[in-house]
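The values are calculated or read from the model by the stated rules, or taken from the named source; none is laboratory data. A quick note: this is a predicted structure, and the numbers were derived from the prediction, not measured. As a convention, Cβ positions derive from the backbone with ideal geometry for all residues, glycine included, and neighbour counts pool all protein chains shown.
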Amino acid sequence: MRYGGNTSCVAIAHDSAPAPALILDGGTGLREVSRLLGGEPFSGTMLLTHLHWDHVHGLPFFRAGDRDDARVSLLLPAQPDGADAAEVLARGMSPPHFPITPHDLRGRWTFGTLDEGSANAEGFTVQAREIPHKGGRTFGYRVSDGHSVVAYLPDHCPTELGPGPDGWGEYHEAALALAAGADLLVHDAFLLLEEMPALAAYGHAAADYAVALGRVAGCRRVLLAHHKPDRTDADLDLLAARFGSMPGVAVAAEGMTIDLMSVVPEARR
Ligand SMILES: [Zn+2]
Ligand SMILES: [Zn+2]
């Protein structure tokens, strides 16, 4: 009721821009981006971290993108089998699973793949790195506008690379490179430490790892995200209380707006 039930979607706007131009993931939270656009069409880029349901199920319900005057450049990680981007999306979004295919979305949609490395999108610099998760190639993204940096790793299983110094997973090179000095780290906090032994196979991280990665990588703020679906508001209040004394750590809630200009040091504004 308070933290929200939609799945992964983060919209990023340039300073003083009236509308977001870059969207990270197309979970059901994507429906809320239409509201941010106030009746205008979306014109921009959408980067998918991977293709799990909770990151793509908002696509057919994106009103601001599914209209004749919209422009959406959708990019997803290059697939190991070299599959075409629209074709791999259509495996989950086409009859009989769903009435329409990606190509049936209205407006100017393009579908492409992205390799690891740097790219430019809508005036942002984007760095993509492959990170361990489960079941399909998964990227984390680092997005910068030249003033501030957001690192986005919503689905990340660092224990896949070993226990690391704390037993919560490795602080591995790709995660550190994405998060290094970021003003905001939005990170997987699916698990509690006590759930790790039973649920490690789900391919996610513990909240404690997210906070520690933020500390190790020198992030200014850490947003604990991608909550386990059956967490209640009370559960998430407890999570917030657990890390509440740590500066810069917060629990993500639906509809949150973060002004990064208030986070970055004066010299970089
Ligand atoms: Zn996933
Ligand atoms: Zn996910």
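So here's what we get for this one:
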| item | result |
| --- | --- |
| Pair list, Cβ < 6 Å and 6+ apart or interchain, from segment 25-40 residues that are among the basic types (Lys, Arg) to residues that are modelled with pLDDT of 95 or more | Arg31/Gly58; Arg31/Phe61 |
| Residue check, Gly117 surrounded by fewer than 20 Cβ atoms within 10 Å (Cβ to Cβ), closer than 25 Å to Ala128 by Cα and within 16 Å of ligand 2 (Cβ to nearest atom) | no |
| Condition check for Ser94: among the hydroxyl-bearing types (Ser, Thr, Tyr) and either surrounded by 15 or more Cβ atoms within 10 Å (Cβ to Cβ) or within 16 Å of ligand 2 (Cβ to nearest atom) (or both) | yes |
| Residue in segment 234-248 that is touching a residue at least 60 places away in the same chain (Cβ under 8 Å) and assigned to a loop (DSSP other than H, G, I, E, B) present | no |
| Odd one out for Ala206 among (1) modelled with pLDDT of 95 or more; (2) away from ligand 1 (no atom under 16 Å from the Cβ); (3) among the aliphatic types (A, V, I, L, M) | (2) |
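This table checks each residue for (1) within 13 Å of ligand 1 (Cβ to nearest atom); (2) touching a residue at least 12 places away in the same chain (Cβ under 8 Å); (3) more than 24 Å from Glu194 (Cα to Cα); (4) touching a strand residue (DSSP E or B) at 6+ places or on another chain (Cβ under 9 Å).
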{"position": "Ile131", "(1), (2), (3), (4)": "yes, yes, no, yes"}
{"position": "Gly136", "(1), (2), (3), (4)": "yes, yes, yes, yes"}
{"position": "Arg142", "(1), (2), (3), (4)": "no, yes, yes, yes"}
{"position": "Ser148", "(1), (2), (3), (4)": "no, yes, yes, yes"}
{"position": "Asp155", "(1), (2), (3), (4)": "yes, yes, no, yes"}
{"position": "Pro165", "(1), (2), (3), (4)": "no, no, no, no"}
